[in-house]
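Values quoted throughout were computed directly from the atomic coordinates according to the rules given, and no laboratory measurement underlies them. Values in this document were obtained by computation on a predicted structure and should not be read as measured data. Virtual Cβ from ideal backbone geometry, glycine too; neighbours counted across all protein chains shown.
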Amino acid sequence: MLSALALFLRTELEPLLSGKLSDNPIASQLLQELDEIELASQSSLQPSRRSLVLPQPKHRNASCTFQSETDRAPPPKPPIAIDFTLTDSVLAKIQQLANRHDDTHICWLTVFIGAALVHGLKLLVLSDASAPLDAPIRVLNDLDRAIVVAGASGQQLEWIYKVRELVESSFSPALSVPEQPKNTPVDVIPELSDLEFPVKTYAVDDMDMVRFLTMVQDTSSSVPFIIQGAISFWSALTTRKWADLEYLRSAVGHHRLVPVELGARYTDSDWSQQLMPFGDYLDQLIYPSQCANPPEVGYLAQHNLFTQASRLKRDFSLPDYTQIETGRRAVPEDSVAGSDGVLVNAWLGPRGTVSPLHFDKYDNVFAQVVGYKYLRFYAPGETENVYPFPPGSALCNTSQVDVNEPDLQRFALFSQARYLECYLGPGDLLYLPVCSSHTTHSHTRYALEKHRQH
Ligand SMILES: O=C(O)CCC(=O)C(=O)O
């Protein structure tokens, strides 16, 4: 398997490294590392010759025995020398080119994915006790970045999964997880105020595909609506409950790097994003959010967590409603949809997370698994009244108005904007039409349930 990966990497990287990036020192270092790995793996894969080992004369009953070379103490392996500054430099290059989205940018993304896999391969081929303690975690982190930052897909993704599995099983002591909290949060129903302009709710038995298609096909009149009971059979709600954060920790992986949004709203000037281990996210930003002095809001938002943590895919199935053909764009231009043409993202956060008022250029089927969320919707016809950021800006799909505390001096027309609203709770499915502006506010509250200690 490892030699097949080496071959794959050569095929992926050589054309880039000998073409567009030929005069780049990073490129030649990467090729050199591949050569080294191939040499090392060839020697460890050579068939073992049987050799005659003479008996030690002082031993009683000593006899002449054959011993395989592999039975003897293996020759010392060279210490692991993975140069992580290489992946760091490629990342810096990618960040520098981030706004270009051209061939050179794509080329460096491929180099990063290749470099992350080369390092994984190197760790596996040369693995021994001399590997630096943090090497497995650094390798796993770079494999995550290859997915989250560089957008690995297809065969690259397959190799990332395989290498990750091997690294995790070969280096389990170095990857052991710190002591877990002894509390499990249970989701409690918050007090929800009455709604003035509620969206319609339908029972799943009243919403067959024909009716659904008829309702969503006409964009001029299509409005959001809730289908109750459409996902109540998901194991995420029944057996492998996503409300149990420790279940999520084990399914996603404590060390998996995930993107976290820090700050109240993505429209705020002090808002930022950070990649952090999923376990740290739970321990530093989710569990403490239940305390009297919660930390700043950290939102794991709009992330295809399921590409990274494929174990979670066992806990749900795509609703049939996602498979209808409306003739409209199914996914955003710059996103990678699954083989079924559906882009699946996850949002996970504590109480108080907010998504500012914005619209998406695709139809959305929104499943609420844990906790409660308030959503408000403004139809495309209200665009003028919700004051989007100027066309051409990065936030042109987002309103400048803070819906919770609108500044009506600056945004006078906002008071005339008509809207619909709803609370979503566990098991609800919402149809959200293309270009309908929406804002969300999480009301999820956890109560900490003490485990009995024996
Ligand atoms: O749940 C959220 O905070 C935002 C969800 C959203 O914007 C979407 O599904 O398009």
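Tell me, ASP283, ASP208 in order of fewest to most beta-carbon neighbours within 10 Å? Please list the in-between numbers first.
Numbers: ASP283 17, ASP208 10.
The order, fewest Cβ neighbours first, is ASP208, ASP283.
Suppose every K and R has +1 on its Cβ and every D and E has -1 on its Cβ; what is the size of the dipole of segment 185-450 about the Cα centre, in Debye to the nearest 20?
Computed charge dipole of segment 185-450: roughly 480 debye.
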What distance in nm separates the two pseudo spin-label positions at GLN32 and ASN404, each 7 Å out from Cα along the beta-carbon direction?
5.4
List, in the order given, every pair from LYS20/LYS361; LYS241/LYS361; LYS122/LYS313; LYS122/LYS241; LYS93/LYS361; LYS241/LYS373 whose Cα-Cα distance in the structure shown is over 26 Å.
LYS20/LYS361; LYS241/LYS361; LYS122/LYS313; LYS122/LYS241; LYS93/LYS361
Taking neighbour counts of Cβ atoms within 10 Å as a proxy for exposure, in what order, fewest first, do HIS101, HIS119 appear?
HIS101, HIS119
Between HIS105 and MET1, how high is the FRET efficiency from 1/(1 + (r/R0)^6) when r is the Cβ-Cβ distance and R₀ = 41 Å? Nearest 0.05.
0.85
Return the loop-located trypsin sites (Lys or Arg not before Pro) in segment 355-437 (DSSP other than H, G, I, E, B) with at most 14 other Cβ atoms within 10 Å of their own Cβ; answer none if there are none.
LYS361, ARG410, ARG418
Under the Karplus relation 6.51 cos²θ - 1.76 cosθ + 1.60, θ = phi - 60°, what is the ordered set of whole-Hz ³J(HN,Hα) values for segment 195-203, x standing for Gly and Pro?
9, 7, 10, x, 6, 6, 10, 10, 7
How long are the semi-axes of the equivalent ellipsoid of segment 243-392, defined as square roots of 5 times the Cα gyration tensor eigenvalues? Whole Å, largest first.
27, 22, 14
If I model a spin label as a point 7 Å beyond the Cα along the Cα-Cβ vector, how far apart are those points for VAL210 and ASP320 in nm?
1.2
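To make sure I understand, if each residue's beta carbon is the centre and we count other beta carbons within 10 Å, what order do LEU91, LEU248 fall in, fewest to most? Intermediate values should be presented prior to the final figure.
Numbers: LEU91 17, LEU248 23.
Listed from fewest to most nearby Cβ atoms, that is LEU91, LEU248.
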